[in-house]
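**Q** For reference, the structure I am asking about is given below.
The values are calculated or read from the model by the stated rules, or taken from the named source; none is laboratory data. None of these values were measured; they are calculated from a predicted model. All Cβ positions, glycine included, derive from the backbone under ideal geometry; neighbour counts span all protein chains shown. Only protein heavy atoms, including side chains, enter the accessible area calculation; ligands, DNA and RNA are left aside. Shrake-Rupley method; radii C 1.70, N 1.55, O 1.52, S 1.80 Å.
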Amino acid sequence: MNELALENQLCFPLYAASKEIIKHYKGLLDPLDLTYTQYLVMLVLWEQGTMTVKELGEVLCLDSGTLTPVLKKLETKDYLSRVRKQEDERSLNVSLTDKGRRLHDSAKSIPTKVKDFLPLSPDELVELHRLTTKMLQHFQETD
């Protein structure tokens, strides 16, 4: 077996499949005026509520250099607000605005539409999620 053949690389199908899935998301997110990364931020805030930028970055595996411009753009769209914590000026709280909370209803159908797009059975989707989550947890533990 040729170890360096593209077809033998685990990373390539993960990369290419991820790219295709994100491309599909684009069509679903354009009407909401969200990019994929902005959507991920909104998902976390819809679920968790107010968080610090640091906490949000940890959940999304994004550094502040990547996350800050995303948050600024969402703030410009009036989907969220960023406010410095009084007890620690270095820390920023991120909260949904009313407009950001209302966007939740418009996004409810997106996960089902993505699952329908994928050529996997419900059991395969569960297994794929389990395996990719296992890898991600390992990477986070070894950082």
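**Q** State, as an integer percentage, the relative contact order of the chain based on alpha-carbon contacts under 8 Å between residues 6 or more apart. Before the final figure, lay out each step's value.
**A** Details: 93 pairs, mean separation 26.8, N = 143.
Value for the chain: 19 percent.
**Q** So if I restrict to the alpha-carbon atoms in region 41-117, what is the Rg, and what is Dmax, the biggest pairwise distance, in Å?
**A** Calculated on Cα positions, Rg and Dmax stand at 13.3, 46 Å.
**Q** A further question on this structure: When you count, for each residue, the other Cβ atoms within 10 Å and take the mean per peptide, how do 64-70, 136-142 rank with the highest first?
**A** On the way: 64-70: 13.4, 136-142: 9.1.
Put in order of decreasing packing, that is 64-70, 136-142.
**Q** When the C-alpha atoms of the chain are aligned to their principal axes, what extent does each axis show, in angstrom, from largest down?
**A** The Cα atoms of the chain stretch 60, 35, 24 Å along their principal axes.
**Q** Still on this structure: Separation of region 83-112 and region 1-53 by C-alpha centroid, Å?
**A** Answer, in whole Å: 20.
**Q** Sticking with this one: Taking a threshold of 18 Å on the Cα-Cα distance, which of the pairs K113/K134; K73/K115; K26/K108; K26/K115; K77/K99 fall above it? Walk me through the numbers on the way to the answer.
**A** Working: K113/K134 24 Å; K73/K115 28 Å; K26/K108 15 Å; K26/K115 15 Å; K77/K99 9 Å.
Beyond 18 Å between Cα atoms: K113/K134; K73/K115.
**Q** Does a label point 7 Å from the Cα of T97, set along Cα-to-beta-carbon, have any residues of region 40-79 with amide nitrogen under 13 Å, and which are they?
**A** Zone members listed by number: 72-79.
**Q** Binned at 10 Å from 0, what are the whole-percent values of the Cα-Cα distance distribution for region 31-71, short to long?
**A** Result returned by the calculation: 30, 60, 10.
**Q** A follow-up question, please. Please give the contour-minus-distance gain from A17 to E124: 0.36 nm per residue of separation, less the Cα-Cα distance, rounded to one decimal in nm. Intermediate results must be reported in sequence, preceding the final value.
**A** Numbers: separation 107, 0.36 × 107 = 38.52 nm, distance 1.47 nm.
Taking 0.36 nm per residue and subtracting the Cα distance, the gain is 37.0 nm.
**Q** For region 90-143, just the Cα atoms, rotate onto the principal axes and tell me the three extents in Å, largest first.
**A** 37, 34, 11
**Q** Given R₀ = 41 Å, what would the calculated FRET efficiency be for Q48 paired with N8, taking r from the Cβ atoms and rounding to 0.05?
**A** Numbers: r = 40 Å, r/R0 = 0.97.
The computed FRET efficiency comes out at 0.55.
**Q** Excluding ligands and nucleic acids, what accessible area in Å² is computed for M51 using a 1.4 Å probe, to the nearest 10?
**A** 20
**Q** Another question, then. Using DSSP to define loop residues, name the trypsin sites (Lys or Arg not before Pro) in region 83-141 whose beta-carbon has at most 12 other beta-carbon atoms within 10 Å. Can you show the working numbers first?
**A** Working: sites: R84, K85, R90, K99, R101, R102, K108, K113, K115, R130, K134; in loops: K85, R90, K108.
Here the sparse-neighbourhood loop sites are K85, R90, K108.
**Q** Excluding ligands, DNA and RNA, what is the solvent-accessible area per residue of region 1-106 at a probe of 1.4 Å, expressed in Å²? Don't skip to the end; give the middle numbers.
**A** Details: 6950 Å² over 106 residues.
Accessible area per residue, region 1-106: 66 Å².
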